[in-house]
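Participant: The following block contains the structure, expressed as structure tokens.
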Amino acid sequence: MLSNSSIELDRAHLVHPVASWRGHEQSGVRLLKSAKGATVTDAEGRQLLDGFAGLWCVNAGYGHESVIEAATRQLRELPYATGYFGLGSEPAAHLAARLADRAPGELNHVYFTLGGSDAVDSTVRFVRYYWHARGMPQKDQFISVQQGYHGSSTVGAGLTALPAFHAGFNLPLDWQHKISSHYAYRNPVGPDPEAIIAASVAELRAKVENLGGAERVAAFYVEPIQGSGGVLVPPKGWIGALREVCRELDILFIADEVITGFGRTGPLFACEDEGIVPDMMTTAKGLTSGYVPMGAVFLSDHVYETIADGAGAAAVGHGYTYSAHPVSAAVGLAVLDLYENGLLENGRKAGARLLAGLQSLSDHPLVGDVRGRGMLAAIELVTDKERKTALPVSASPATRVFDRAWQNGLIVRAFAQGVIGYAPPLCCTEAEIDAIVERTRTVLDLTLDDPDIRAAMR
Ligand code: PLP
């Protein structure tokens, strides 16, 4: 198919996620054609280093033959099996068992979904069922964190704290509440880790009190590193301190590892970074490395047992046609093999190189903050380092920074507030990491030349 006609078909008929629909009618689509390793090729033959692994999901990199073969074999043998009526498939059972084995603590039960949003949705349903089963249905209030992202379903978008997901959608729902982010670079209590942890602990306790006490609060949701909010890395000990508050108050603690799972921060799951075990954990993206859709909810023994006993002989009425899809499960197994046979290790080394490389850009006049862990990082641009002045809206950082990177053969995530996000595939070579950093320097220089930036710096 000719790419020109594809562009026109896209413009006329394809509604893009999280896009200005009118803006898209004007700008049209950039079609991607093929990909291998950490490089994607567009319809015009331009090669780009994918510094964002698709949408922080192609953790293994593109074009692994073992994954393609696993999917093809499964498509031939059994392309679909429902999990209803007590039926199932071999790859789904094996993937669940291997994940349970590798997950922290007693997270021994796996519920497969199609992606991250329905994984988050599923946890909300399980949380409610759990408290009903324990005879405490009045525990029905949910707390999450400002700047957090928990998907795009109505329930998940309400737990999300990004304005674009609320405006015009009547969200958040009245049982969904937030506490402040740890956001060290711009935290009102300053950058001191202990002060940030103490403030968050105090705020969570106060929020619970305001909601009528722990007997009203069902669950607390947290990303080990906030992704879509701008790659915000909490101080060491932050997540553990909040986990302890939840344990003490008998509030379920849900870790949303949709981005941070599957080697993104170093270990298989970011919870391992701090030795914490949530009551439930959501994953997606790197689970299948984006080759096919799949998400997973991990349930701890005590959550699983409580729900199972509560339901008794009755069905727990929650399920999707494509839960535990055999092709996705086969891909998940093949990808897990890759993680365990060198990819996690490579990602850890490449991640350290990436962060060091980005830190070497700190002397650039526009770089206010560099942060990250593993293959998840960001630099925050400012026009005045002392005052931490964000880039002006007139400089359209999201579009112009993305465009400059693209023109220089690099794909990054450019956030509206002037943050550049990185989540490259774990398979990146040292040369590729260095190229990401070098191309970023070019992008920064070009951005410094932008008349709107110059005007703001005067
Ligand atoms: N939770 C987090 C932390 C995410 O970053 C995302 C997506 O980026 C989701 C949930 C939703 O996942 P999906 O887009 O697969 O529905």
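Each reported figure results from applying straightforward, stated rules to the coordinates on display, with no laboratory input. Since we're looking at a predicted model, the values are computed, not measured. With ideal geometry, Cβ positions are generated from the backbone for all residues, glycine too; neighbour counts draw on all protein chains shown.
Participant: Take peptides 172-185, 272-285 and line them up by average Cβ neighbours within 10 Å, highest first, as a rough protection proxy.
Facilitator: Those peptides, ordered most packed to least, come out 272-285, 172-185.
Participant: Measuring from label point to label point, each 7 Å out along Cα→Cβ, what is the ARG98 to GLU77 span in nm?
Facilitator: If labels sit at ARG98 and GLU77, their model points lie 1.2 nm apart.
Participant: Name the residue farthest towards the positive end of the dipole of the chain from the options LEU49, HIS177, VAL367, assuming +1 on Cβ of Lys and Arg, -1 on Cβ of Asp and Glu, about the Cα centre.
Facilitator: Value: VAL367.
Participant: Principal axes first, then extents: for the Cα atoms of the range 1-132, list largest minus smallest coordinate on each axis, whole Å, largest first.
Facilitator: Its Cα atoms span 51, 38, 30 Å along the three principal axes.
Participant: Treat each spin label as a single point 7 Å out from the Cα along the C-beta direction, and report the ALA314 to VAL393 distance in nm.
Facilitator: 5.0
Participant: Using a cut-off of under 15 Å, list every residue of the range 334-378 whose amide N is near the label point 7 Å from the Cα of GLU272 along the Cα-to-beta-carbon line.
Facilitator: 336-349, 374-375
Participant: Quick one: if the Förster radius is 35 Å, what FRET efficiency do ASP174 and ALA202 give, using the C-beta to C-beta distance and rounding to 0.05?
Facilitator: Computed FRET efficiency for ASP174 and ALA202: 0.90.
Participant: Pairs of lysines 8 or more apart, or on different chains, with alpha carbons under 24 Å: count those in the chain, would you?
Facilitator: 11
Participant: Separate question: To the nearest Å, what is the center-to-center distance of the range 244-277 and the range 34-86, using C-alpha atoms only?
Facilitator: First find each Cα centre; the distance between them is then 26 Å.
Participant: Rank ALA119, TYR84, PHE165 by how far each Cα sits towards the positive end of the charge dipole of the range 81-324 (+1 on Lys, Arg Cβ; -1 on Asp, Glu Cβ) and give me just the farthest.
Facilitator: Going by the charge dipole, the pick is PHE165.
Participant: Defining a contact as two alpha carbons under 8 Å apart and six or more residues distant in sequence, what relative contact order in percent does the range 384-436 show?
Facilitator: Averaging sequence separation for qualifying contacts and normalising by length gives 28 percent for the range 384-436.
Participant: Also, quick follow-up: Within a 10 angstrom radius of the beta carbon, how do ARG373, ARG125 rank from fewest other beta carbons to most?
Facilitator: Ascending Cβ contact count within 10 Å gives the list ARG125, ARG373.
Participant: I would also like to ask the following. Between beta-carbons, use under 12 Å as the cut-off and find the net charge around ARG134, counting Lys and Arg +1, Asp and Glu -1. Mind dumping the intermediate values first?
Facilitator: On the way: positive: ARG128, LYS139; negative: GLU215, ASP250, GLU305, ASP309.
Result for the neighbourhood of ARG134: -2.
Participant: For a quick protection proxy, order the peptides 360-369, 141-150 by their average other-Cβ count within 10 Å, most packed first.
Facilitator: The densest-packed peptide leads the list: 141-150, 360-369.
Participant: Provide the gained length on full extension for the span LYS349 to SER5, in nm with one decimal, where the gain is 0.36 nm per separating residue minus the Cα-Cα distance.
Facilitator: Fully extending the segment from LYS349 to SER5 adds 119.6 nm.
Participant: Just to be sure I understand the model, the point goes 7 Å from the Cα along the line to the Cβ. What's the resulting HIS24 to GLU244 distance in nm?
Facilitator: It works out to 4.6 nm between the two label points.
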